[in-house]
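Inspection log for the structure reproduced underneath, given as structure tokens.
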Amino acid sequence: MAVFKIMRGGSLVDAINRAWAATGSVRLAQQTSNVDYNGHAVMVSLKPFAMGGARWSASYIWGGIQRLASGSFEICLQAAMAEFNRGASFASVTVVTETPKQGDKCLDCGLLPEDEVVDPRSADDRFRYVHEALRMEKQTGIPATKLLLDSKDREDWKRLCSEWIEEHRS
């Protein structure tokens, strides 16, 4: 058994817009209606039946299990890659294979062994603070997401927030 994966990144602006869109604002939903930030994390794996046997499945979680395909490995891999190829930011596909031949099919589709995949967001630690910035902006009125975009890293972002607070204290 081997695990293969492919991931699509997105910009820091995409990550912030995705987080804002998820807050349920009608205005933001209208502004982001032509953009697809909903990259799903699709999993392809062999699912056992309660009564014995197993079937391949391609699915993701979004308000419950959303099944893209069920049946043969090839059909499920094809469905997972079709979802990935929609081009949504932050999409990923993870495939748990049972045979070397299935691994070869994954490689043919552009997936890599899991241990060779680097999360595209890991190059910029500011991605880890998007939701903190969003929360700070909503709770305090500090333009924390803009300051996050203007910063180089977490320390710089915290410094910019402190400077903004000092400047607007009076």
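Just a few scattered comments:
- Residue match in the stretch 87-110 (condition: touching a Cys at 6+ places or on another chain (Cβ under 6 Å) and either crowded, with 17+ Cβ neighbours inside 10 Å or at pLDDT 90 or above (or both)): yes
- All conditions but one from (1) crowded, with 19+ Cβ neighbours inside 10 Å; (2) assigned to a helix (DSSP H, G or I); (3) free of Cβ contacts under 8 Å to residues at least 24 places away in the same chain apply to SER59; the one that does not is (2).
- When the stretch 83-133 is filtered for residues that are in a loop (DSSP other than H, G, I, E, B), on the phi < 0 side of the Ramachandran plot and in contact with a Gly (Cβ under 7 Å, 6 or more places away or on another chain), the ones remaining, listed by number, are ALA88, SER89, ALA91.
- Residue match in the stretch 70-81 (condition: loosely packed, with under 14 Cβ neighbours inside 10 Å, touching a strand residue (DSSP E or B) at 6+ places or on another chain (Cβ under 7 Å) and at pLDDT 90 or above): yes
- Apart from one condition, GLN139 fits all of (1) exposed (fewer than 14 other Cβ atoms within 10 Å of the Cβ); (2) assigned by TED's automatic domain parsing to the domain that holds THR94; the exception is (2).
- Residue check for GLU132: touching a Ser or Thr at 6+ places or on another chain (Cβ under 9 Å) and under 21 Å from TRP20 (Cα atoms): no
- Residue that is nearest to the chain's Cα centre (by Cα), among those in the stretch 69-88 that are of a type in the set (Gly, Ala, Ser) and within 18 Å of LYS47 (Cβ to Cβ): ALA80
- Looking only at the stretch 111-130, and only at residues there that are at pLDDT below 90 and in contact with a helix residue (DSSP H, G or I) (Cβ under 7 Å, 6 or more places away or on another chain), the one that is nearest to ALA15 (Cα to Cα): PHE127
- Close Cβ contacts (under 6 Å, 6 or more residues apart or on different chains) running from residues in the stretch 40-56 that are outside the structural domain of ALA91 (by TED's automatic domain parsing) to residues that are exposed (fewer than 10 other Cβ atoms within 10 Å of the Cβ) are absent.
- Subset of the stretch 127-148 [hydrophobic (A, V, I, L, M, F, W, C) and under 19 Å from the mean Cα position of the chain (by Cα)]: PHE127, VAL130, ALA133, LEU134
The values are calculated or read from the model by the stated rules, or taken from the named source; none is laboratory data. Not measured: the values here are computed from a predicted model. Reconstructed Cβ throughout: ideal geometry from the backbone, glycine too, with neighbour counts over all protein chains shown.
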